[in-house]
Amino acid sequence: MAVREIFAGMPWWVKWVAVPLIAIVVFGGLIASVVGFVIGLLFKLLVFVVLVGGLIFVVRKFMSSSERGGW
């Protein structure tokens with residue numbers, strides 16, 4: 001409740017501009033590293049899905065050609 005009372009007397013630009021800017025300056029490195037980690041993880045997951053899908057495609061292609069007597 002004390003924080004609400006402190007912010008109640010402040011102008012709007014302190015609440016909506018100054019405080020978020022201070023938070024970005026203080027925690028900016030942490031936020032950037034977390035976002036970078038998540039994007040890197042999603043990229044690795046996408047590469048994994050593409051490689052597994054390609055492997056399944058190649059195996060099915062060779063299995064179907066070997067059933068027709070190709071090999």
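The values are calculated or read from the model by the stated rules, or taken from the named source; none is laboratory data. Keep in mind it's a predicted model, so treat the numbers as computed, not measured. Please note: Cβ atoms are built from the backbone with ideal geometry, for glycine as well, and neighbour counts cover all protein chains shown. For the accessible areas, the whole protein counts, side chains as well, though only heavy atoms, and no ligand, DNA or RNA atoms are used. Shrake-Rupley method; radii C 1.70, N 1.55, O 1.52, S 1.80 Å.
One table, with the values for the structure above:
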quantity: Debye, to nearest 20: dipole size of the chain, +1 on Lys, Arg Cβ, -1 on Asp, Glu Cβ; calculated: 260 debye
quantity: Tilt relative to the chain, helix 19-67 - C-alpha long axis, 0 to 90 degrees, to 10; calculated: 10 degrees
quantity: Most positive-pole-ward Cα, Trp12, Ile22, Ser66, against dipole of the chain from beta carbon charges; calculated: Ser66
quantity: Residue-level accessible surface for Glu67, protein heavy atoms, 1.4 Å, Å²; calculated: 150 Å²
quantity: Sulfur and carbon atoms: percent of accessible area, segment 1-53 [1.4 Å]; calculated: 85 percent
quantity: Compactness of the chain - radius of gyration and Dmax, Cα, Å; calculated: 27.0, 84
quantity: Estimated 222 nm signal from helices in the chain, with DSSP H stretches of n ≥ 4 weighted -39500 (n - 2.57), rounded to 500; calculated: -28500 deg cm²/dmol
quantity: Per DSSP, loop trypsin sites (Lys or Arg not before Pro) in the chain with at most 12 further Cβ within 10 Å; calculated: Arg68
quantity: Paramagnetic reach from Val35 (point 7 Å along Cα→Cβ, amide N under 11 Å) across segment 1-28; calculated: 28
quantity: Accessible surface, the chain, averaged per residue in Å² (probe 1.4 Å); calculated: 93 Å²
